[in-house]
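Engineer: So that we are looking at the same thing, I have put the structure below in structure tokens.
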Amino acid sequence: MNSTKHRTVTLIGIILILLSAITISMVLHIQKKKSDERLYGTTRCARVSRNCKKVLTRRMLDHSLARGTQFLLNNQKPEGNFNYEYNFILRKMKNDDNQVRQAGALWGLALIYNDTPQQKLATAFKKGFAFFKKHSRKGIDKRRWVVYPGDRAGHTGTIALLSLAIIDFLRSSPAVGKKMYEELQNDLAEYIAFLLSLRRSDGLFHRFYSFDGSGFGKTSSYYNGETLLTLIKAARYLDRKDLIPIALESAAAMHREHVEEALRADPDSRHTKGYFQWGIMSYFELATSGWEGTEPYADRAIALADWMIEVHCTLQRTRNTAYAHEGIILAGELARRKGNRDMAAKFSCAVDSGLLRMTSWQVGGPIPNAFLRRNETSDPLAVGGVLNHRREPFLRIDVTQHQMHAVILARRYLYNL
């Protein structure tokens, strides 16, 4: 009798444990589904039309770029670096900084100058570069690297973005005299020499470097892409032909690592997302370079942009995704040049929808959303800045920088009439 009772109690206990496990599994599934819905708006990526009626206009983009330029200039500090993040409702600066995003803001100024040369932009670039050069260290082997104040180590992305800023300024600047041009070229050569010293045997780059000039840490899909773009642009626009074989080898290695292998491991890989716009910007430069062996890169860029829309669901994300549009616009231009009308139309409609939405997140922009209309301001530290979320008051330099680059590319390739 006791044995039968014991078996019954044991069976009941097992059943209760199984029911509890099933219940927990169902709850976790529901929570994940709700989380996905909060993140994407739906659990599936929305279909993108190939035959949309454009709503975004060149006039809106011109207005947005002018305001974004104003924001970057107004947030440059006397030392040359930038206010990192500003709460425009509380009128309070965040006590934080990011060396990579600081270098990215300087690159943003160089890109705007490349698109629309103005003396005030040239002056701001020179002041910003002087900040980074002041906080750089030079080795006896003609390498130069940034020792960012307040940080314990350097980020490879900082050197890459600073180098990109120099490249895009030099390739477009009528305001640089011969002496300064030569000095900037020499500085660039030293920063690139340092980048090359961080290159690993597999063609990827160390993520960090110690302030004694030695690389360490795992590789980063963001920093690899930024460095690849640096090498390609230096080779194309500043006659660094010696960098071509290095860039081609690294491009193949990065595509294999951050796209092919990453997506096999996870169809919505965070590594592919990190590499995304930098990879496409690099592939665009390769595909239009005429260099031998670059033929596959147009199709690779197009496939990546389609992944961003169809798998990563960029149009359903609730945070600012201007970075994605930097890549999608260039992939669309490559599709157009290849005669791939379907993909060119799809990417054009995706950009019109996505960039229109994010243009409404710009303080003092052409089409402010409801949140910005309720919190209208003429604060010079806020006007032109772009929100990272439609209802949050934080204005960060990298968010605005990425969006202004997307605006420049949209004006150049999609709204150029």
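Engineer: Can you find, within the range 289-326, the residue that is surrounded by the most Cβ atoms within 10 Å (Cβ to Cβ) among those that are of a type in the set (Gly, Ala, Ser) and within 19 Å of the chain's Cα centre (by Cα)?
Structural biologist: Looking at the filtered set, the residue picked out is Ala305.
Engineer: A further question follows. Would you be able to tell me the number of residues in the range 344-355 that are under 14 Å from Tyr413 (Cβ atoms), touching a residue at least 24 places away in the same chain (Cβ under 8 Å) and in contact with a helix residue (DSSP H, G or I) (Cβ under 8 Å, 6 or more places away or on another chain)?
Structural biologist: Count: 5.
Engineer: Kindly check whether there is at least one residue in the range 119-128 that is over 30 Å from Phe211 (Cα atoms), at pLDDT below 95, out of contact with any helix residue (DSSP H, G or I) (no Cβ under 8 Å at 6 or more places or on another chain) and not in a loop (DSSP other than H, G, I, E, B).
Structural biologist: Within the range 119-128, one or more residues are over 30 Å from Phe211 (Cα atoms), at pLDDT below 95, out of contact with any helix residue (DSSP H, G or I) (no Cβ under 8 Å at 6 or more places or on another chain) and not in a loop (DSSP other than H, G, I, E, B).
Engineer: Turning to a different aspect of this structure: Out of the residues in the range 139-156 meeting the condition of being at pLDDT 95 or above and among the small types (Gly, Ala, Ser), tell me which one is nearest to Phe82 (Cα to Cα).
Structural biologist: Gly150
Engineer: Follow-up. Suppose the filter is free of Cβ contacts under 8 Å to residues at least 12 places away in the same chain and either closer than 19 Å to Ser220 by Cβ or not β-branched (Val, Ile, Thr) (or both); does Arg256 pass it?
Structural biologist: yes
Engineer: Suppose the filter is modelled with pLDDT of 95 or more and either part of a helix (DSSP H, G or I) or in contact with a Pro (Cβ under 8 Å, 6 or more places away or on another chain) (or both); does Gly104 pass it?
Structural biologist: Taking the combined requirement at face value, the residue satisfies it.
Engineer: Give the range 387-398 a look and list any residue that's in contact with a helix residue (DSSP H, G or I) (Cβ under 7 Å, 6 or more places away or on another chain) and either more than 16 Å from Arg357 (Cα to Cα) or of a type in the set (A, V, I, L, M, F, W, C) (or both), or say none.
Structural biologist: Passing the criteria: Ile397, Asp398.
Engineer: Then there's this: Can you pull out every residue in the range 264-288 that is within 19 Å of the chain's Cα centre (by Cα) and among the aliphatic types (A, V, I, L, M)?
Structural biologist: Within the range 264-288, Ile280, Met281, Leu286 qualify.
Engineer: Go through (1) within 17 Å of Asp306 (Cβ to Cβ); (2) touching a Phe, Trp or Tyr at 6+ places or on another chain (Cβ under 8 Å); (3) among the acidic types (Asp, Glu) for Asp352 and report which single condition fails.
Structural biologist: Asp352 satisfies all of (1) within 17 Å of Asp306 (Cβ to Cβ); (2) touching a Phe, Trp or Tyr at 6+ places or on another chain (Cβ under 8 Å); (3) among the acidic types (Asp, Glu) except (2).
The values are calculated or read from the model by the stated rules, or taken from the named source; none is laboratory data. Here the structure is a predicted model, which means the values were calculated and not measured. Neighbour counts run over all protein chains shown; Cβ positions are idealised from the backbone, glycine included.
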